[in-house]
Amino acid sequence: MMKEKSVFVCSRCGSTTIKWMGRCPECGEFGTMQEERAAPSSISSQHRIPRLSTHTHPVPLMGQEATGEVYCPTGIPEFDRVLGGGSVKGSVVLIGGEPGIGKSTLLLQACYHMARQGQKVLLVSGEESPAQVQMRARRLGTLTENLLLYCETDVEVILESVRKVLPHVLVVDSIQTLFVPEISSPPGGVSQVRECALRLQAMAKEMNITTFLVGHVTKDGSLAGPRVLEHLVDTVLYFEGERYDSLRVLRSTKNRFGSVSEVGIFEMSDSGLREVSDPSTLFFRNRSQGISGVSPVLTMEGKRPLLVEVQALVTPTNLPVPKRVASGLDRQRFNLDLAVLEKRAGISFSEKDVFVGVAGGLYISEPALDLGVCLAVASSKLDQALPAGWAVFGEVSLAGEIRPVSQMETRIREIKRLGFSAALLPEHDDFGSLEDGFQLIGVSTLVEALDKCGLRRR
Ligand code: TYD
Ligand code: MG
C-alpha cells in the first residue's frame, strides 16, 4: 500500500511546503504552517472548471449587454447598499466575522426577505440542527414558504440537492464545516475549505445561483482558511462590531460589482438585526457639551456622512514611558497628531498618559478625524471645553496646516441638519449659499483652530 503523504499548508495564504517550517516562505507569517494529508492529485483536475460563457470564440465587448435583472435586492436596504445595489445573479459572496457577531442572523433575515419576493432560497446549515434553525427563525419571525433548510456538510450531497431543488439563492453557513470525502484532512483545514469553495463557486457560475458563504474569522482578524478564498469569490464582506455593544457594521473589502467604500449599519436587538438609517443620531447623543476632552467630528463612511464623538483624556503619569492608548482609530495617526500638537502648537505631553477613543464602538480610519483628535486632546490637556454647538473636521499635516478633505459640502449640510450652530473646518474659497444663519469657521493652521476654540496655551 502506498504511504499517505503529508504536506504543510499555510493557514494564511494557502501555500504548501513538504517540510514543516516556522515561517511561511510565501507570506512570511510565523506559526501558520499546519500538517495536512496531501490531496490525491486527481482531485483538483477531476473537478470541473466552470464554463463562464457559451461562446466558442472571442466576441466584441460592446455587444455583451446584460440580460434581465442583474441586481436582486436582498430586501434589507443596508445589506444592498454594501453589495452595490443588491445581490448579483451567479455571484459568490463571502461574509466573514467573529463567532457570535450575527452572521447567521443577518443571512436568515435576508433569506426570509428574498423568499418573500418569490425567490427560491436554500439555506444549508452545517452548524445548527433543523430544530435550532427553526427556533431562531420563529423568534425572528422569518418562517415562510420558499425558504428551504438542509442540514448537511458533505459538499457533493449538497450539490446533488442543489441540482434537484434548483434554488435562486444558496446560503452556506459556514464554509468551515463543509468537507469533500476525497480529502482526508478534517473540515476547516486549508485544503478542505479551498476545495469546497471551488466546487460551490463552479456550481454558482454554471447554474447562475447567487451564493452566500459564511466564513469564520480567526482571532487576528483574518479569514480562517486560505487567502485563496478571497480571490475565488466575487465579493468579500466583513461583519464587525464590539461583542458587548449592539452596534454592527457591514463592510466590503472586495466587490466586483460595486464600490467598497459603502458600509451598512445595524443594531442587534432581541428581535434580530435592525437597520439604522440615521446613524449620526445613534453615535452622537449631544450629552457631552461643556465637558473638556470631547469633540464632535463629522466623518464620511463611503457616501454617507456620520457624526461621531471623539473623547480624550490626558492625565499625569508616573510611568517612565507614558501611555498612548487609541481605540476606534489608527494608533499611528494618533501618535502623529500628538507630535504635531507638541511641535507646532507647543502643547507638551511629556509625563502625561493620553487616551483617545471614538464613542460608540466604530473604527474610523479617515484623515478628516485628525482635527477632532487634536482638539479633543488639547481640550483635555488644558481642561477647557470646546465651544458649545460646534462640530469639526479636517486633516492635519505634519507642518501643522489644516488640509481640505473630500465632500466638504455634504459634511457641512449634515452638521447643519443635526442642529449645530457652527462648523470648524479647513479654509476654503467657495461655500456658496450654505452659510445662512449657520457659522462656517475656516482655519488654515492648527494654531488658528486652537485659537478659534479659545483653547489658550499657557
Ligand atoms: P449569530 O447570528 O448566531 O452569530 P454568528 O452566526 O456570527 O456566530 O448571532 C448570535 C448572537 O446574536 C448571540 O450572541 C445572540 C445575538 N442575538 C440577539 O441579540 N438577538 C437575536 O434576535 C438573535 C437571533 C441573536
Ligand atoms: Mg452562525
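If you scan the range 84-136, which residues turn out to be under 22 Å from the mean Cα position of the chain (by Cα), open to solvent by 20 Å² or more (accessible area, probe 1.4 Å), within 12 Å of ligand 1 (Cβ to nearest atom) and over 24 Å from residue 157 (Cα atoms)?
Of the residues in the range 84-136, the ones under 22 Å from the mean Cα position of the chain (by Cα) are 84-88, 91-111.
After this cut, where a residue has to be open to solvent by 20 Å² or more (accessible area, probe 1.4 Å) as well, the list is 84-85, 98-100, 104, 109.
Adding the requirement that they be within 12 Å of ligand 1 (Cβ to nearest atom) leaves 98-100, 104, 109.
Scanning the range 84-136 gives 98, 99, 100, 109.
Given the condition open to solvent by less than 10 Å² (accessible area, probe 1.4 Å) and part of a loop (DSSP other than H, G, I, E, B), answer yes or no: does some residue in the range 285-298 qualify? Break it down into steps so the answer makes sense when it comes.
Of the range 285-298, the ones open to solvent by less than 10 Å² (accessible area, probe 1.4 Å) are 293, 295, 297-298.
Next, only the ones that are part of a loop (DSSP other than H, G, I, E, B) stay: 293.
Yes: one or more hits.
Do we find that residue 167 is over 30 Å from the mean Cα position of the chain (by Cα) and more than 16 Å from ligand 2 (Cβ to nearest atom) in this structure?
No; evaluated as a whole, the condition is false for this residue.
Please determine whether any residue of the range 193-203 is at positive phi and polar (S, T, N, Q).
Taking every residue of the range 193-203 in turn, none turns out to be at positive phi and polar (S, T, N, Q).
Considering only residues of the range 309-352 that are acidic (Asp, Glu) and more than 19 Å from residue 384 (Cβ to Cβ), which is least open to solvent (accessible area, probe 1.4 Å)? Before you say what the answer is, go through the steps one by one.
Here is the first cut: in the range 309-352, the ones acidic (Asp, Glu) are 309, 330, 337, 342, 351.
When the remaining residues are screened for being more than 19 Å from residue 384 (Cβ to Cβ), the result is 330, 351.
Values: 330: 61, 351: 135 Å².
Here the answer is 330.
Which one of 180, 82 is of a type in the set (A, V, I, L, M), more than 22 Å from residue 236 (Cα to Cα) and assigned by TED's automatic domain parsing to the domain that holds residue 250?
180
From 386, 362, 341, 371, grab the single residue that is under 27 Å from residue 249 (Cα atoms) and either part of a helix (DSSP H, G or I) or in contact with a helix residue (DSSP H, G or I) (Cβ under 6 Å, 6 or more places away or on another chain) (or both).
After ruling out the rest, the residue left standing is 371.
Could you tell me whether residue 398 is more than 24 Å from residue 290 (Cβ to Cβ), assigned to a loop (DSSP other than H, G, I, E, B) and more than 27 Å from the chain's Cα centre (by Cα)?
Here the answer is yes, as residue 398 does meet what is asked.
Would the range 178-191 turn up any residue that is within 16 Å of ligand 2 (Cβ to nearest atom) and touching a strand residue (DSSP E or B) at 6+ places or on another chain (Cβ under 8 Å)?
So far as the range 178-191 goes, yes, one or more of its residues are within 16 Å of ligand 2 (Cβ to nearest atom) and touching a strand residue (DSSP E or B) at 6+ places or on another chain (Cβ under 8 Å).
So is residue 133 free of Cβ contacts under 8 Å to residues at least 40 places away in the same chain and either within 16 Å of ligand 2 (Cβ to nearest atom) or not hydroxyl-bearing (Ser, Thr, Tyr) (or both) or not? Spell out the reasoning first.
Numbers: free of Cβ contacts under 8 Å to residues at least 40 places away in the same chain: yes; either within 16 Å of ligand 2 (Cβ to nearest atom) or not hydroxyl-bearing (Ser, Thr, Tyr) (or both): yes.
The answer is yes for residue 133.
Hey, among 155, 171, which residue is within 16 Å of ligand 1 (Cβ to nearest atom) and either open to solvent by 40 Å² or more (accessible area, probe 1.4 Å) or more than 17 Å from residue 14 (Cα to Cα) (or both)?
From the options 155, 171, the qualifying one is 171.
Which one of these does residue 223 not meet: (1) touching a Leu at 6+ places or on another chain (Cβ under 9 Å); (2) modelled with pLDDT of 80 or more?
(2)
Return the only residue of 235, 253 being modelled with pLDDT of 85 or more and surrounded by fewer than 16 Cβ atoms within 10 Å (Cβ to Cβ).
253
Can you find even one residue in the range 107-122 that is assigned to a strand (DSSP E or B), touching a residue at least 40 places away in the same chain (Cβ under 8 Å) and touching a strand residue (DSSP E or B) at 6+ places or on another chain (Cβ under 7 Å)?
Initially, the range 107-122 is screened for residues assigned to a strand (DSSP E or B), giving 121-122.
If we keep only those that are touching a residue at least 40 places away in the same chain (Cβ under 8 Å) as well, we get 121-122.
Then drop every residue that is not touching a strand residue (DSSP E or B) at 6+ places or on another chain (Cβ under 7 Å), which leaves 121-122.
Taking every residue of the range 107-122 in turn, at least one turns out to be assigned to a strand (DSSP E or B), touching a residue at least 40 places away in the same chain (Cβ under 8 Å) and touching a strand residue (DSSP E or B) at 6+ places or on another chain (Cβ under 7 Å).
For residue 455, are the conditions met, namely being modelled with pLDDT under 90, open to solvent by 30 Å² or more (accessible area, probe 1.4 Å) and of a type in the set (A, V, I, L, M, F, W, C)? Step through it out loud before you land on a result.
Numbers: modelled with pLDDT under 90: yes; open to solvent by 30 Å² or more (accessible area, probe 1.4 Å): no; of a type in the set (A, V, I, L, M, F, W, C): yes.
No, not satisfied.
Have a look at 105, 74 and point out the one that is among the hydroxyl-bearing types (Ser, Thr, Tyr) and within 16 Å of ligand 2 (Cβ to nearest atom).
After ruling out the rest, the residue left standing is 105.
Pull out all pairs, ordered by first then second residue, where Cβ-Cβ is under 9 Å, the residues are six or more apart or on different chains, the first lies in the range 211-226 and is within 16 Å of ligand 2 (Cβ to nearest atom), and the second is at pLDDT 80 or above and of a type in the set (Ser, Thr, Tyr).
If the second residue must be at pLDDT 80 or above and of a type in the set (Ser, Thr, Tyr), the pairs left are 212/87; 213/174; 214/104; 214/174; 215/174; 216/174; 217/238; 223/238.
The values are calculated or read from the model by the stated rules, or taken from the named source; none is laboratory data. Nothing here was measured: the structure is a model prediction, and the numbers come from that model. So basically every Cβ, Gly included, is an ideal-geometry build from the backbone, and we count neighbours across all protein chains shown. Side chains are part of the model used for accessible areas, which takes the heavy atoms of the whole protein and leaves out ligands, DNA and RNA. Shrake-Rupley method; radii C 1.70, N 1.55, O 1.52, S 1.80 Å.
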